[in-house]
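**Q** To start, I am sharing the structure in question, which I have written as structure tokens.
The values are calculated or read from the model by the stated rules, or taken from the named source; none is laboratory data. All values reported here derive from a predicted model rather than from experimental measurement. Ideal geometry is used to build each Cβ from the backbone, glycine not excepted, and the neighbour counts take in all protein chains shown.
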């Protein structure tokens, strides 16, 4: 394997093992020696890539920021109506979470640490929801009595809840649970003639739909409903 | 002040300062010396009540468990219909969070630590939502196509999201935001003749309603909408 390719692969293995360790032990109790051992590399190799645990965590976070932003951008480029775009973006973000522990843990680090830097992914998501609801409103798709601010709050809180609960049980970040959210919210938000054209399960081909046939709910005992 | 009364007061001050310190610094970076100093007592007084930081955290958590369970119980004793009881319970829980930092931080500790003990407050809330939805269903209040499991998932995720977001900005645990959730969900859940009798802002007198005139939404910049 060429040297550069090997370096990229080692770096990715370190990010994956760091994410796994942060998830299991928390950031402060994670040990660099364990991370490098699990990645199958020497401590020297770890320090070739990262000056220490802080820089490793920052790299996990940066990876998540890039993954989530590009997942949202892919949808915006292929969008149909503002509301379908909002639904598709939520599915794309949750699919990105589902498919990568680095993305999950990087988002968690961002939520815990965003006061230290300039990126606040939850704030970006809130802004995105508000923009698309405003576009939907201009297109005449929202029911007249709907408060866009209130709707945005509920959408953001629900999706934040899915992310947080999904850290312990991946069923909470299944496409089915997210589809249920849209099925419950759309009748209160959207005028009937626009609603008929919307697919709460998402329409975009940019995200993995293989999990969409999974259960749309989670039981209190954590099993699929 | 009688000695016993003074001891209770000191213990409560220590719980309040511990909650405040855990919120600001996190559990692992909180220092007992700072907690006792801020509570205006000696280290000796702290150790009279608690063997150390772990026991102090367990006491904050226990206080939250008791407060939240009794808030929910008060509603059950005064309830009208299962759905109004569900709405009122959610308002009572959020009002309990709003009125006490010890409850907020104790719930957060419970969410982080419940694998160590037998109480999982989110699981209890999920169970409560499921029971009341099942009762509502038996009373003929739910629309026929509604999946109770899916509805419970969305209600739990939203309220977990409010709690988590409320740790940084109390507007997320305002009665107005919670009212918006019910306003958006009820039309998709409840048959019209039952819906007319429901008050999404809550009807119970057991919780503080003074904040209900506050904004029903939170802007992306964190200000009231």
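**Q** Inside the range A:119-155, can you point out the residues that are more than 7 Å from chain B (Cβ to nearest Cβ), over 22 Å from the mean Cα position of the chain (by Cα) and not in a helix (DSSP H, G or I)?
**A** A:139, A:140, A:141, A:142, A:143, A:144, A:145, A:146, listed by residue number.
So that you can scan it fast, the table gives a plain yes or no per residue for (1) surrounded by fewer than 22 Cβ atoms within 10 Å (Cβ to Cβ); (2) modelled with pLDDT under 95; (3) under 27 Å from residue B:190 (Cα atoms):
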site: B:5; (1), (2), (3): yes, yes, no
site: B:15; (1), (2), (3): no, no, no
site: B:83; (1), (2), (3): no, no, yes
site: B:95; (1), (2), (3): no, no, yes
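**Q** Also: Out of (1) more than 9 Å from chain B (Cβ to nearest Cβ); (2) in a helix (DSSP H, G or I); (3) surrounded by fewer than 23 Cβ atoms within 10 Å (Cβ to Cβ), what's the single condition that is false for residue A:187?
**A** The number of the failed condition is (1).
**Q** Report, by residue number, each residue of the range B:156-172 that is surrounded by fewer than 19 Cβ atoms within 10 Å (Cβ to Cβ) and more than 9 Å from every other protein chain (Cβ to nearest Cβ).
**A** B:167, B:169, B:170 - these are the residues of the range B:156-172 that are surrounded by fewer than 19 Cβ atoms within 10 Å (Cβ to Cβ) and more than 9 Å from every other protein chain (Cβ to nearest Cβ).
**Q** Continuing with this model, one more query. Would you mind finding the one in A:19, A:62 that is under 29 Å from residue B:29 (Cα atoms), surrounded by 15 or more Cβ atoms within 10 Å (Cβ to Cβ) and out of contact with any helix residue (DSSP H, G or I) (no Cβ under 7 Å at 6 or more places or on another chain)?
**A** Of A:19, A:62, the one residue that is under 29 Å from residue B:29 (Cα atoms), surrounded by 15 or more Cβ atoms within 10 Å (Cβ to Cβ) and out of contact with any helix residue (DSSP H, G or I) (no Cβ under 7 Å at 6 or more places or on another chain) is A:62.
**Q** A follow-up question, please. If we scan the range A:30-38, do we find a residue that is in a loop (DSSP other than H, G, I, E, B), in the same structural domain as residue A:198 (by TED's automatic domain parsing) and at negative phi?
**A** No, that holds for no residue.
**Q** In addition: Do the conditions hold for residue B:73, that is, is it in contact (Cβ under 8 Å) with a residue 40 or more places away in the chain and assigned to a helix (DSSP H, G or I)?
**A** Taking the combined requirement at face value, the residue does not satisfy it.
**Q** Which of the residues that make up the range A:22-41 are away from chain B (no Cβ under 14 Å) and exposed (fewer than 12 other Cβ atoms within 10 Å of the Cβ)?
**A** Answer for the range A:22-41, where residues must be away from chain B (no Cβ under 14 Å) and exposed (fewer than 12 other Cβ atoms within 10 Å of the Cβ): A:31, A:33, A:40.
**Q** Can you confirm whether residue B:109 is more than 12 Å from the chain's Cα centre (by Cα), more than 16 Å from residue B:160 (Cα to Cα) and assigned by TED's automatic domain parsing to the domain that holds residue B:171?
**A** On the way: more than 12 Å from the chain's Cα centre (by Cα): yes; more than 16 Å from residue B:160 (Cα to Cα): no; assigned by TED's automatic domain parsing to the domain that holds residue B:171: yes.
No.
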